[in-house]
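Data first, discussion second: the structure below is written as structure tokens.
The values are calculated or read from the model by the stated rules, or taken from the named source; none is laboratory data. Predicted, not measured: the structure shown is a model, and the values here were computed from it. When we count neighbours, we look across all protein chains shown, and the Cβ atoms used for this are built from the backbone with ideal geometry, even at glycine. To get the accessible areas, we keep the full protein, side chains included, count just its heavy atoms, and leave off ligands, DNA and RNA. Shrake-Rupley method; radii C 1.70, N 1.55, O 1.52, S 1.80 Å.
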Amino acid sequence: MLIFRRFAFLGLSAMVLLVAGCSQESSPIETEPEYLGPKPYNLEFPGRFGAPKAIPADNPLTEEGVQLGRMLFYEKALSANNTMSCGSCHKQEFAFTDGQAVSKGVDGIAGTRSAMSLANLLWVSRFNWDGGPTSLEEQAIIPLESPIELHQNLSLAVTKLQGTEKYPALFEKALGKGPVTKENLLKALSQFTRTLISSNSKFDRYQEGKENLTVDELLGMRLFLTHPDPNIGLRGGNCGDCHGGTLQTFHTFHNNGLDANPIDAGRWLITGLESDRGKFRTPSLRNVALTAPYMHDGRFKTLEEVLDHYNEHIDMTNPNLDPLIEEARNEFGGAKLGLTTTEKRQIIAFLHTLTDETFIKDPRFSDPHK
């Protein structure tokens with residue numbers, strides 16, 4: 001009986017070892033999941049905005065690329081002395097302007113133009129005030145390398161990023177294996193700025209039938225959109241001729257009578273055409289109540305000053321003055337546009353309906369380093 005028990009025990013022990021061995025062999029080895037590449041970014045915008053400009057085939061929007069671009073947008077290592085970033089002159093709370101007439105760069109040198117709002121760039125084909133760059137990738141080079149802005153060669157910027165602990169891996173996930181490159185730096189920045197869509201103002205909700213405008217706002221909208229015609233008693237503010245459409249701009253270039261002999265020649269610097277001297281790109285007026293001061297050189301501090309210019313201070317001796325401005329009159333034989341104080345107040349009331357509080361608080365666009 002003792003011998004039987006001993007053999008039974010040995011047999012049971014062997015079975016336990018066999019089962020344990022099989023269990024160990026069949027247990028899966030834990031490995032990192034296979035990286036399948038960046039995920040497409042879900043870009044949402046209202047259909048009433050129309051079709052956006054084509055996104056470059058070699059730079060599609062991805063979640064990883066947009067997030068990397070957001071980090072780079074606020075990355076101070078992209079400046080010569082590590083003190084400024086793109087976000088220094090394009091602050092979210094000011095609809096990605098900076099509240100200054102003209103911005104100062106890392107060396108304390110003031111530029112000559114006001115920082116433009118970065119909203120809804122997907123519908124823009126010519127960038128900056130003069131329309132020189134024709135893509136966001138091309139545009140991004142200018143502030144990065146400009147001696148009066150971030151003042152750092154792209155090659156040095158890439159070297160600094162490559163030397164960090166976090167960026168090489170983020171670049172690989174977003175834009176493929178290999179070292180950080182100038183091209184991929186520009187691509188990532190462009191991906192992020194293409195997502196800066198503003199579409200939830202009171203005016204947007206009015207267009208969608210979700211909110212009503214006040215009487216003053218409605219009257220201001222009518223004046224804003226109307227080209228005046230005293231022959232039929234049609235009064236208007238003449239704003240919509242240049243700032244019309246759902247995006248509040250037709251993306252055209254105009255000389256709006258600021259100076260007969262402009263210090264900044266504007267579009268002429270790009271085309272060399274005398275007829276383009278003093279012309280500048282018409283910015284969208286979305287969030288305009290947040291983007292003071294106004295004009296390419298920030299000369300007007302308030303919306304009231306802007307309307308005073310168009311109503312009373314157009315320089316009629318300007319040889320390139322836009323005809324849409326030159327002949328706009330509310331009174332027969334009037335020398336000026338001729339808006340009343342009440343009409344100007346109503347137009348400004350409408351302009352305030354273009355403020356998108358969601359846009360300036362959206363965490364997707366905020367500084368990820370904070």
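A few remarks follow.
- Any hit, region 224-246, residues being open to solvent by less than 40 Å² (accessible area, probe 1.4 Å), under 24 Å from Ser103 (Cα atoms) and in contact with a Phe, Trp or Tyr (Cβ under 9 Å, 6 or more places away or on another chain): no
- Checking Lys182, Lys173, Lys166, Lys210 one by one, the residue that is in contact with a Phe, Trp or Tyr (Cβ under 9 Å, 6 or more places away or on another chain) and open to solvent by 70 Å² or more (accessible area, probe 1.4 Å) is Lys173 and no other.
- Any chance Gly278 is modelled with pLDDT of 95 or more and either buried (at least 17 other Cβ atoms within 10 Å of the Cβ) or outside the structural domain of His243 (by the TED database) (or both): yes
- Taken over region 307-324, the criterion of being among the aliphatic types (A, V, I, L, M), open to solvent by less than 20 Å² (accessible area, probe 1.4 Å) and outside any loop (DSSP other than H, G, I, E, B) is satisfied by Leu307 alone.
- Some residue of region 281-300 being free of Cβ contacts under 8 Å to residues at least 12 places away in the same chain and either open to solvent by 50 Å² or more (accessible area, probe 1.4 Å) or over 25 Å from Trp123 (Cα atoms) (or both): yes
- Residue list for region 275-316, filter: farther than 22 Å from Ser103 by Cβ and of a type in the set (Phe, Trp, Tyr): Tyr310
- Listed here are the helices (runs of 4 or more DSSP H) enclosed by region 184-267 that have at least 2 residues being of a type in the set (Asp, Glu): 215-225.
- Criterion violated by Phe280 - all others in (1) under 29 Å from the mean Cα position of the chain (by Cα); (2) within 16 Å of Gly266 (Cβ to Cβ); (3) in a loop (DSSP other than H, G, I, E, B) satisfied: (3)
- Entry remark, region 247-267: residues being in contact with a helix residue (DSSP H, G or I) (Cβ under 9 Å, 6 or more places away or on another chain), surrounded by fewer than 19 Cβ atoms within 10 Å (Cβ to Cβ) and touching a residue at least 60 places away in the same chain (Cβ under 8 Å) number 1 in total.
- Checked against the criterion of being within 18 Å of Ile109 (Cβ to Cβ), not β-branched (Val, Ile, Thr) and not in a helix (DSSP H, G or I), the candidates Asn81, Asn59 yield just one match: Asn81.
- Between Ala140, Ala119, Ala115, Ala101, the distinction of being touching a residue at least 60 places away in the same chain (Cβ under 8 Å) and under 12 Å from the mean Cα position of the chain (by Cα) belongs to Ala119 only.
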